[in-house]
Amino acid sequence: MSLAPHEICKRLGEAKFKEIFLSLNSAAMKASLMEVGLAATRQADQTSLKKRNEDWAKRLWSTVVAGKPSCKVMMFEWLRQTKSDFLIAFLDAVGVPHQKGLTDADFMKDAPEEKLLAAGKLLLAHPSFDHREVAAYLLFLDFSNETNKFSSLDLEQKLAV
């Protein structure tokens, strides 16, 4: 069984979770909060955008710790907005046409498992990619596509700090 996004986030830990959340644009932050029913309004004690964003990250993290299903929107937006370099590398390795790392192709079902695993190993071995982030991406791919294509890569072990 693939790891749900909130479990991926929990295993990455609070510091990495907050780093990911704070790397998003405001619209993605708000969508991430709304995914779990949290208000995305500014409070009186939030005297700056930085303070607001940090408070939002703290509130969203508390839902992760509580085990509420969350983080799907956040992870997708984080990958889309900040990780196009390894999305591109992965899709190129699999041979999937894309636009800057994004595709509508159903490559997780269409591509041979060996090719997907080879591309995953390539990303994990890449010297400039954070292995924890790559593991989160591959686990998110498995979850989003209801597959276990990357289970042999021991990705859960790579999430730990």
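For 78, 56, what ranking results if the residue with the fewest other Cβ atoms within 10 Å of its Cβ goes first?
78, 56
When the helices in the chain are scored as -39500 (n - 2.57) per DSSP H run of 4 or longer and the sum is shared across all residues, what 222 nm value do you end up with, to the nearest 500 deg cm²/dmol?
Calculated mean residue ellipticity at 222 nm is -18500 deg cm²/dmol.
Mind sorting out which of (i) 1.17; (ii) 1.06; (iii) 1.37 is the real Cα Rg over 2.2 N^0.38 Å computed from the coordinates?
The listed entry that was calculated here is (ii).
Please enumerate, by chain and number, the lysines with C-alpha under 25 Å from the C-alpha of residue 158, excluding those fewer than 8 residues away in the same chain.
Partners within reach: 10, 16, 18, 58, 68, 72, 83, 109, 115, 121, 149.
State the Cα centre-to-centre distance between segment 89-161 and segment 7-24 in whole Å.
First find each Cα centre; the distance between them is then 19 Å.
Throughout, read-outs are computed from the coordinates displayed, never taken from laboratory work. Computed from a predicted model, the values in this text were never measured in an experiment. Cβ coordinates were reconstructed from backbone atoms using ideal geometry, including for glycine residues, and neighbour counts include every protein chain displayed.
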